[in-house]
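These notes are about the structure you will find just below.
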Amino acid sequence: MRRSASWLLAGMAAIALVVAVVLACAQRTVFRADGFGDRVAATLESGPVRQAVARRISDAAIRQEPDLVAVRPLIEAAAQGILQTEAFRELLRGAAADLHRSAFDRDAPTVTLSVADAGILVADALRRVRPDLAGQVPQRFATQLVAVTGGGERTALRVAERAQDVRRAVPIAFAVAALLAIGALAVAPGRRDAALRLGVAVAVAAGLLAVATDLTPRAVGDGAAGRAVLEVWLRPLAAWAWALAAAAAVVAMAAASVVRPVAVGTLVRRGWAVVKAVPRDPRRRAMRAVAAGGLGIACILAPRAAIEAAVAGAGVLLAVWGLSELLALTAAPQPAGRAARERGAGRAPRVAAVALALVVLLGAVGALAASGGPDAPRVGRCNGSAALCDRPLDDVAFAGTHNSMAADREPGWLFAAQDAGIPSQLEDGVRALLIDTHYGYATPRGVITDLSGDTKSRAKIVDELGERFVQTAERLRQRIGTRGAAPREVFLCHAFCEAGATRAVDALAGVHRYLVTHPEEVLVLSVEDDTAAADTAEVIERSGLEHEVFRGPARPPWPTLRRLIERDERVLVLTEDSAGAVSWIHRQPEVMQETPYRFRSAAEVEAPASCSPNRGGTAGSLFLVNHWVDTSPAPRPSIAREVNAPAVLDRRLGRCRRDRDLLPSVVAVDFYREGDVFAAVNALNGAR
């Protein structure tokens with residue numbers, strides 16, 4: 001009877017453990033948005049899946065622009081090429097996160113997986129081989145990859161929604177498995193018998209699960225792409241199942257005296273003896289020296305990887321040691337007859353020890369599975385440097401441009417403040433854009449500013465930019481006139497759009513395109529807004545940039561750059577005057593301290609008072625250093641070359657950092673190509 005009860009409890013423990021493994025795997029790949037997105041992106045590893053997705057992208061592009069049907073093979077080839085890039089994987093992960101939110105919203109009538117900006121990547125890929133064709137590809141179209149609306153698929157969705165409720169059952173399932181295993185140990189005639197039964201039961205159950213996960217794609221997969229998708233989704237579960245079956249088989253063999261427990265301590269001592277022993281053979285000694293030197297250089301070049309490898313190795317040794325101790329208990333010879341009765345009193349403590357070890361082991365595995373477990377970082381570099389990835393936003397410096405939109409060679413701009421336009425700034429490494437928004441009307445002869453609303457007064461503009469600038473703008477305004485004016489729009493202007501203007505939606509769409517093609521970059525967008533918050537938000541939404549805005553609270557603790565990139569919340573939007581009711585727009589004076597900005601000479605820039613508090617006081621957790629000389633109406637590159645010199649920048653940034661006890665978050669300059677603002681920012685970040 002005791003043997004039968006032990007077999008029953010062992011079988012139930014095995015079933016509970018397999019259920020726990022299934023739930024834990026689902027927790028990692030289904031119920032966590034990050035894991036779900038990673039699994040969706042991993043499906044692109046399959047050739048049939050890439051072919052199917054490329055066809056859908058080309059179909060969506062041709063629906064938007066039917067004349068492209070003649071060059072479908074080129075578009076499909078370009079689409080297949082982008083599917084292997086990290087940029088498209090980030091798009092797909094973001095779309096998967098939206099799908100995840102919809103799938104677990106019980107009121108959602110339909111669930112779709114759509115990628116919105118694939119056209120940007122397709123056009124970018126075509127630009128290298130067919131520039132004439134790239135301009136014809138629509139960049140803003142949605143590619144629907146999956147749609148669940150009803151029938152059997154909808155039933156599966158409802159099951160998935162209910163399955164979300166059992167996330168808390170993961171640690172419970174592991175605990176039940178541990179209790180049942182303890183019961184099997186307690187009622188068995190001997191420890192070896194109990195371990196043998198547990199090992200066999202778990203090995204059989206886990207082996208059946210592993211075989212089922214391997215066979216399912218072949219049995220139910222719809223075509224090559226469908227089978228590939230199922231294989232990707234079931235691969236983690238199969239790995240867990242095979243690993244569990246192998247471990248259980250080792251326990252069973254040890255209990256049956258087929259294998260002996262591993263003497264971890266002896267192995268470690270022997271290994272250390274080999275390492276420290278000096279070989280007599282000169283060739284072996286030289287090889288040992290070369291290996292040691294290479295390992296040392298690797299540790300210097302990749303200290304984090306070296307630490308992770310060391311910790312992982314120590315973890316493996318500890319796990320093997322713990323399993324060996326359990327096996328040593330189960331493999332001990334069984335007493336017989338009177339000796340057994342005399343030693344019966346010592347059996348209970350050993351069973352208790354094994355039970356405690358099982359509870360601790362399965363409890364740790366259950367807690368790890370319930371939390372989702374550690375994921376390997378998928379982000380390699382953040383703003384160009386791996387060293388910045390694990391730093392919070394307020395511990396990173398960004399190179400910025402003042403009046404980013406007022407650029408040399410940009411059509412219609414007088415009084416340029418920058419060497420090149422916003423797209424070139426981003427390509428060169430600028431990561432903070434300081435722009436101004438105003439209302440205006442486009443006419444055949446230029447843009448005129450809408451001065452009818454609650455806009456800046458003439459006196460304020462004169463105070464900021466000087467009488468000469470205002471007089472020039474007013475003369476231009478008279479020449480342009482209002483004939484043929486289009487409806488009012490939001491433009492990027494410097495107070496008067498007559499002296500230079502760029503449609504805000506076009507400029508921000510360029511920023512969005514850059515972020516789509518560079519998925520590991522984080523930006524700060526500072527808006528001196530002469531427009532309503534709702535209109536500012538509408539322009540950002542229409543440009544597509546709304547998909548990348550930071551949606552968390554704009555205060556410490558700030559997320560790391562890695563976390564912002566993984567969430568695809570890579571643009572911190574700050575406005576000077578009003579955030580309105582838009583949750584992802586934040587008032588800059590509440591978030592960011594700053595320095596004065598009206599310096600009339602290079603000497604004033606270097607004076608101690610240049611680090612004094614200005615707008616925002618000293619409450620914000622970010623810090624803007626305004627670093628330019630005001631020579632309104634026309635900024636001067638020669639002065640920018642002087643104040644942007646590394647020595648000048650380093651001295652001032654160091655002083656401001658000491659005076660304000662804050663790392664400069666944004667270093668904003670005029671003519672960013674003069675001097676070397678990037679070297680100064682790299683020095684602040686401690687990166688090269």
For the range 633-638, what does the Karplus curve 6.51 cos²θ - 1.76 cosθ + 1.60, with θ = phi - 60°, yield as ³J(HN,Hα) per residue in whole Hz, taken in order and with x for Gly and Pro? x, 10, x, 10, x, 4
Unit-weight point scatterers at every alpha-carbon of the range 3-89, Debye formula, q = 0.13, 0.19 1/Å: log10 I(q)/I(0) is -0.62, -0.88
Calculate what fraction, in whole %, of the accessible area of the range 1-147 sits on carbon and sulfur atoms when a 1.4 Å probe is rolled over the protein chains. 54
Roll a 1.4 angstrom probe over the protein heavy atoms and tell me the percent of accessible area of the range 478-570 that is carbon or sulfur. 46
Which log10 I(q)/I(0) values does the range 619-672 give at q = 0.18, 0.23, 0.26, 0.27 Å⁻¹ under the Debye formula, counting every alpha carbon as one identical point scatterer? -0.62, -0.88, -1.01, -1.05
Take the eigenvalues of the Cα gyration tensor for the range 544-688, scale each by 5, and report the square roots as semi-axes in whole Å, largest first. 28, 17, 16
Longest to shortest principal axis, alpha-carbon extents of the range 499-540, angstrom: 31, 22, 16
Which ³J(HN,Hα) values, rounded to whole Hz and listed in residue order, are derived for the range 590-601 from phi using the Karplus coefficients 6.51, -1.76 and 1.60 in 6.51 cos²θ - 1.76 cosθ + 1.60 with θ = phi - 60°, glycine and proline given as x? 8, 10, 10, 6, 8, 9, x, 9, 9, 10, 8, 7
On the Cα set of the range 602-641, report Rg and Dmax in Å, please. 12.4, 35
Which peptide among 49-58, 442-451 comes first, and what is the full order, when sorted by highest mean count of other Cβ atoms within 10 Å? 49-58, 442-451
Which order do the peptides 408-415, 138-145, 501-508 take when ranked by the mean count of other beta-carbon atoms within 10 Å per residue, highest first? 501-508, 138-145, 408-415
Taking protein heavy atoms only, a 1.4 Å probe, and rounding to whole percent, the accessible area of the range 589-676 owed to carbon and sulfur comes out at 50
Per residue, how large is the accessible surface of the range 522-603? Use a 1.4 angstrom probe and give square angstrom. 37
Between residue 500 and residues 5 or more places away or on another chain, the pairs with built amide H atoms under 5 Å apart involve 414
Can you work out the Karplus-derived ³J(HN,Hα) for every residue in the range 298-303? Use 6.51 cos²θ - 1.76 cosθ + 1.60 with θ = phi - 60°, whole Hz, and x for glycine or proline. 4, 5, 5, 6, 9, x
Show me 646-652, 275-281, 582-588 ranked by packing, highest mean number of other Cβ atoms within 10 Å first. 582-588, 646-652, 275-281
If you scale each eigenvalue of the Cα gyration tensor by 5 and take the root, what three semi-axes come out for the range 16-61, rounded to whole angstrom and sorted largest first? 31, 11, 7
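The values are calculated or read from the model by the stated rules, or taken from the named source; none is laboratory data. A quick note: this is a predicted structure, and the numbers were derived from the prediction, not measured. No Cβ is skipped: glycine too gets one built from the backbone with ideal geometry, and neighbour counts run over all protein chains shown. All accessible areas refer to the heavy atoms of the entire protein, side chains included, with ligands and DNA or RNA removed. Shrake-Rupley method; radii C 1.70, N 1.55, O 1.52, S 1.80 Å.
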